[in-house]
Ligand SMILES: C[C@](O)(CO)[C@H](O)COP(=O)(O)OP(=O)(O)OC[C@H]1O[C@@H](n2ccc(N)nc2=O)[C@H](O)[C@@H]1O
Ligand SMILES: Nc1ncnc2c1ncn2[C@@H]1O[C@H](COP(=O)(O)OP(=O)(O)OP(=O)(O)O)[C@@H](O)[C@H]1O
């Protein structure tokens with residue numbers, strides 16, 4: 001029996017170049033992160049402030065009439081079917097019955113396992129981009145619900161606004177944060193998120209605070225509960241935190257590996273970067289309360 005859902009939900013148009021979309025997949029920072037509990041399924045309950053950066057990966061998407069999802073180039077050490085971009089596309093097809101496909105080119109700039117949410121951001125850009133390309137018009141709430149099945153960090157990228165997040169990252173309240181310049185330093189090694197969340201020494205009992213209290217203290221009061229554990233499991237991250245922390249206020253993002261310092265001007269961030277030890281890499285970027293993805297889509 002033909003799948004009639006596909007006819008109603010997915011518009012099959014001509015595959016012209018004008019249909020193609022080039023979209024950003026920005027990085028995120030966790031400006032603070034508290035671990036306030038653990039769910040029966042092992043996932044950790046967090047309180048965190050998410051903010052985007054005007055720096056990240058990019059995706060180029062063009063529709064295919066034959067239903068195939070083709071992603072280029074391959075990411076080292078990752079099967080195409082495990083890539084969150086392909087998983088997002090297949091999930092969208094499965095949920096809507098859409099029979100269109102896509103050629104997707106991913107330009108990767110964000111380090112994997114970097115705490116910058118690169119994979120999650122790629123998934124969100126694929127969801128929003130294909131929703132637009134295939135004319136599904138699912139709406140952000142439905143896309144965020146699909147995104148949560150792919151990763152705890154996906155919903156904030158789908159909603160596209162800096163946010164106070166609770167639960168595992170799915171309860172989001174939009175906030176306006178200060179937008180300083182950041183110097184983001186990668187210590188040269190990846191951090192495995194499950195290794196940090198699985199560590200016995202991780203503290204999971206920070207008393208919950210209100211969003212108002214978190215915002216009231218501002219950046220000087222913010223910390224990341226993963227830092228002590230990441231410092232002891234990954235000495236390279238500890239070394240980077242010590243180096244950057246001696247020059248500017250510094251924090252870990254997510255479970256690392258990246259750390260960030262904030263400055264008033266890009267010139268100040270670049271001045272610090274100029275002295276960076278050779279085994280670290282870094283970039284400067286500005287904080288953004290509206291995701292560059294949503295700015296590009298005009299949402
Ligand atoms: C640390 C953060 O980056 C903060 O923004 C996120 O909470 C991590 O989100 P993510 O990378 O999208 O994580 P997922 O891919 O959903 O989960 C990877 C693994 O980390 C652990 N995990 C993740 C998120 C969470 N709140 N509690 C967890 O315990 C789980 O073992 C999970 O299997
Ligand atoms: N498109 C993708 N880009 C990066 N990683 C991907 C992608 N698809 C799947 N992955 C897998 O997801 C893992 C986490 O990658 P990601 O770059 O999102 O890490 P992260 O920045 O530490 O994430 P987070 O801050 O959400 O914990 C990778 O090690 C890789 O195995």
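Read-outs: derived from the displayed coordinates by stated rules, not from any lab. Owing to the predicted nature of the structure, the values given are computational and were not obtained by experimental measurement. When we count neighbours, we look across all protein chains shown, and the Cβ atoms used for this are built from the backbone with ideal geometry, even at glycine.
Under a no-solvent Debye model with one identical scatterer per Cα of region 4-175, what's log10 I(q)/I(0) at q = 0.16, 0.18, 0.19, 0.20 Å⁻¹? With one equal scatterer per Cα and no solvent, log10 I(q)/I(0) is -0.92, -1.12, -1.22, -1.31. For the chain, the alpha carbon convex hull comes to 140 Å³ per residue, rounded to a whole number. Let me know the shape class of region 181-288, please: from the alpha-carbon gyration tensor, a ≥ b ≥ c as square roots of the eigenvalues, rounded when a/c is under 1.5, otherwise prolate if a/b is greater than b/c, or oblate. Since a/c reaches 1.5 but b/c is at least a/b, the shape of region 181-288 is classed as oblate.
The modelled label-to-label distance between residue 107 and residue 43, using points 7 Å beyond Cα along the C-beta direction, is 3.3 nm. Please build a GNM for the chain, connecting alpha carbons under 10 Å apart, and tell me which residue among 136, 241, 23 fluctuates the most. The residue that fluctuates most here is 136.
What full-extension length gain, to one decimal in nm, is calculated for residue 79 and residue 246 as 0.36 nm per residue of separation minus the Cα-Cα distance?
Residue separation times 0.36 nm, minus the Cα-Cα distance, leaves 56.1 nm.
Highest mean first, the peptides 142-149, 211-218, 170-177 sorted by other C-beta atoms within 10 Å per residue fall in the order 142-149, 170-177, 211-218. Under the criterion of Cα pairs below 8 Å and six or more residues apart, the relative contact order for region 4-175 equals 27 percent. Label sites at residue 274 and residue 299, each approximated as a point 7 angstrom past Cα along Cα to Cβ, lie 4.0 nm apart. Highest mobility in the GNM of the chain, judged by mean-square fluctuation with C-alpha springs under 10 Å and restricted to 209, 168, 69, is found for 209. With Cα atoms as the point set, the radius of gyration and Dmax of region 18-99 evaluate to 17.0, 48 Å.
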